[in-house]
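S.K.: Once you've had a glance at the structure underneath, I'll fire off some questions.
The values are calculated or read from the model by the stated rules, or taken from the named source; none is laboratory data. Quantities reported herein were computed from a predicted structural model and do not represent experimental measurements. Cβ atoms come from the backbone with ideal geometry, glycine included; neighbour counts cover every protein chain shown.
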Amino acid sequence: MTTVPYENLALHQHGADAITLDTPRLFEKLVAQRRGGLCFELNGLFGALLAQLGYKTRFVAACTNRRHWEDFVPTQADQW
């Protein structure tokens with residue numbers, strides 16, 4: 001967390017760079033510029049690293065503020 005922190009400052013800046021999951025742009029922001037990123041930026045770059053190392057990856061979105069938990073049903077339960 002001290003090396004690549006969570007950061008959401010770009011969301012609050014007027015004229016901020018568009019948020020993207022483009023791997024080269026994420027690498028530039030997080031590694032070259034030594035900035036933090038949003039959770040999906042951090043996980044996106046980490047997922048790209050794992051894929052380059054030969055791991056099979058997939059992204060799963062989650063939410064903790066659901067009013068009705070019974071509404072959540074995994075779409076591909078057979079993969080769990």
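S.K.: Restricted to the stretch 1-26, and to residues that are closer than 14 Å to G44 by Cα and among the hydrophobic types (A, V, I, L, M, F, W, C), which residue is modelled with the highest pLDDT?
M.R.: Top of the filtered list is L26.
S.K.: I'd like to verify a number: residues in the stretch 26-40 that are buried (at least 17 other Cβ atoms within 10 Å of the Cβ) and more than 9 Å from E7 (Cβ to Cβ), how many? Lay out the reasoning, then the answer.
M.R.: First, the residues of the stretch 26-40 that are buried (at least 17 other Cβ atoms within 10 Å of the Cβ): 26, 29-30, 36-37.
If we keep only those that are more than 9 Å from E7 (Cβ to Cβ) as well, we get 26, 29-30.
Qualifying residue count for the region: 3.
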